[in-house]
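What follows is one structure encoded as structure tokens, with my remarks underneath.
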Amino acid sequence: MSVPAFEDIPKDINKIIGDHIKLYLSDPAAAHMWDATPVGLGGLVTTLLLTTIGRKSGEPRSVPLLYVDHDGGYLIIGSKGGNEEHPVWFLNLQANPECEIRVGAPPVKARARVLEGEERAVAWKKITDRHHVYAKYQARASREIPVVMLEPI
């Protein structure tokens, strides 16, 4: 399965993600407020470190993601830059919604829930008002980009 290359997605995105994970593990405060300039967003954004259980491997899988605070939880977006496939972390959460998140430090257990209908619409507006790039990603994807609520447990 090939992934289309979009000019606004850095070619070294995997290295950028890997470096962000390492930063989250060594300096959570610095990783939480992350300079997103390398991925084209410019300036500081809030990020969390999501750890899911791989649906095939059964092993922990971590990825840093932008988030938006919402009703005591955290909204994350399964955009994958507007690609047609869902991100692997989303597929992992579909298989097992129990996860761990780091919003700064320390890690906490959470449960993921995919938002639908009016709840999704309200959350999507909140997200795209803050991070306009997600509207661009949705415009180039034929799938509906999932909005996930992470609720600490």
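What lysines could a cross-link reach from Lys136, if we take a straight Cα to Cα line under 18 Å and drop same-chain neighbours fewer than 8 places away?
Cross-link targets: Lys80, Lys125, Lys126.
In Å², and per residue, what accessible area does the stretch 78-153 have when probed at 1.4 Å with the other protein chains present?
For the stretch 78-153, the per-residue accessible area is 50 Å².
How long are the semi-axes of the ellipsoid equivalent to the chain, from square roots of 5 times the Cα gyration tensor eigenvalues, in whole Å, largest first?
The answer is 20, 19, 17 Å, longest axis first.
For the charge dipole of the stretch 7-134, defined by +1 on Lys and Arg C-beta atoms and -1 on Asp and Glu C-beta atoms about the Cα centroid, which residue among Ala29, Ile76, Ala95 has the Cα displaced farthest towards the positive pole?
Of the candidates, Ala95 comes out farthest on the positive side.
When the dipole is taken about the Cα centre of the stretch 44-120, and only Lys, Arg (+1) and Asp, Glu (-1) are charged at their Cβ, what size is it in debye, to the nearest 20?
300
Give the peptides 98-108, 76-86, 52-62 in descending order of average Cβ contacts within 10 Å, highest first.
Packing order, densest peptide first, comes out as 76-86, 98-108, 52-62.
Counting Lys and Arg as +1 and Asp and Glu as -1, each charge on the Cβ, what is the dipole of the chain about the Cα centre in debye, to the nearest 20?
Values: 18 positive and 19 negative charges, 45 e Å.
Here the size comes out at about 220 debye.
Ignoring ligands, DNA and RNA, what percent of the 1.4 Å accessible area of the chain is carbon and sulfur?
Solvent-exposed carbon and sulfur of the chain make up 55 percent of the total.
The values are calculated or read from the model by the stated rules, or taken from the named source; none is laboratory data. Remember, it's a predicted structure, so these values are computed and weren't measured experimentally. Neighbour counts run over all protein chains shown; Cβ positions are idealised from the backbone, glycine included. Side chains included, ligands, DNA and RNA excluded: accessible areas come from the protein's heavy atoms. Shrake-Rupley method; radii C 1.70, N 1.55, O 1.52, S 1.80 Å.
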